[in-house]
Amino acid sequence: MLHGLADALTVHFPWASLLRGTLGHDHDALAGLAQLLAPEAIGTALVSVLPRDGVPAIPEAGALAQAYARHGLDLVEARPATPDEVAASGSSWAKRLRAGRGRPVTLLRFRRVRPTDDSEPVRQS
């Protein structure tokens, strides 16, 4: 199993269920992302959603933080991504979307909460 193996997680311009999960709309996909992260590990996502994409909009930070908290994640940051951050992603999909150049991009940063009980699997080396 991949539970708690990732010291960091990066998601650039997801689509379908991964996008819905990253945005807190698909609880199974968000649970899968959360389970990958080791306690205290940081995840970063660059997302871009327009109404014509047929995907629910990026939730307000408070609602997204609540969705993340249900899966043991703290929403650390939710803000517009800079053009440099979009360019640094190296994403060919971002180039096709013209992300950051007329299409808004949001940077989401989240952290896996350290469990407070013994219910969390212990990470083995």
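Restricting to the chain, what percent of DSSP beta bridges are antiparallel, rounded to 5?
Antiparallel: roughly 65 percent of the beta bridges in the chain.
Full-extension gain between residue 8 and residue 114, please, as 0.36 nm times their residue separation minus the C-alpha to C-alpha distance.
So the chain would gain 36.7 nm between residue 8 and residue 114.
Give the share of C-alpha pairs in each 10 angstrom bin for the chain, from 0 to the last occupied bin, in whole percents, shortest bins first.
Per 10 Å bin, starting at zero, the Cα-Cα P(r) for the chain comes out as 13, 45, 31, 9, 1 percent.
Nearest 10 degrees, 0 to 90: what angle lies between the long axis of helix 27-36 and the longest principal axis of the chain (Cα atoms)?
Tilt relative to the chain: about 60 degrees.
Set Lys and Arg Cβ to +1 and Asp and Glu Cβ to -1, take the dipole of the chain about its Cα centre, and tell me which of 50, 80, 29 lies farthest positive.
50
Sorting 26, 53 on the 10 Å Cβ count, fewest up front, what's the list?
Arranged by neighbour count, lowest to highest, 26, 53 become 53, 26.
Rounding to the nearest 20 debye, state how big the charge dipole of region 62-104 is about its Cα centre with +1 on each Lys and Arg Cβ and -1 on each Asp and Glu Cβ.
Using only the charged Cβ atoms, the result is roughly 360 debye.
Whose amide H sits under 5 Å from the amide H of residue 73, counting only residues 5 or more places off or on another chain, with H placed in the peptide plane?
Here the answer is 113, since their amide H atoms fall under 5 Å of that of residue 73.
Which of 91, 17, 48 ends up with the largest GNM mean-square fluctuation for the chain, with Cα atoms connected below 10 Å?
Among 91, 17, 48, the largest GNM mean-square fluctuation belongs to 91.
Write out the GluC sites (Glu not before Pro) in region 18-125 meeting two conditions: DSSP loop, and at most 14 other Cβ atoms within 10 Å of their Cβ.
In loop regions of region 18-125 (DSSP not H, G, I, E or B), the sparsely surrounded GluC sites (Glu not before Pro) are 60.
Using +1 on the beta carbon of Lys and Arg, -1 on that of Asp and Glu, and nothing else charged, what's the dipole of region 6-112 about the Cα centre, debye to 20?
Taking the Cα centre of region 6-112 as origin, the dipole is about 420 debye.
Which cross-chain or sequence-distant (5 or more) residues have an amide H under 5 Å from the amide H of residue 41, H modelled 1.01 Å from N in plane?
112
Where a number appears in this text, it was derived from the coordinates with a stated rule and is not lab data. Nothing here was measured: the structure is a model prediction, and the numbers come from that model. So basically every Cβ, Gly included, is an ideal-geometry build from the backbone, and we count neighbours across all protein chains shown.
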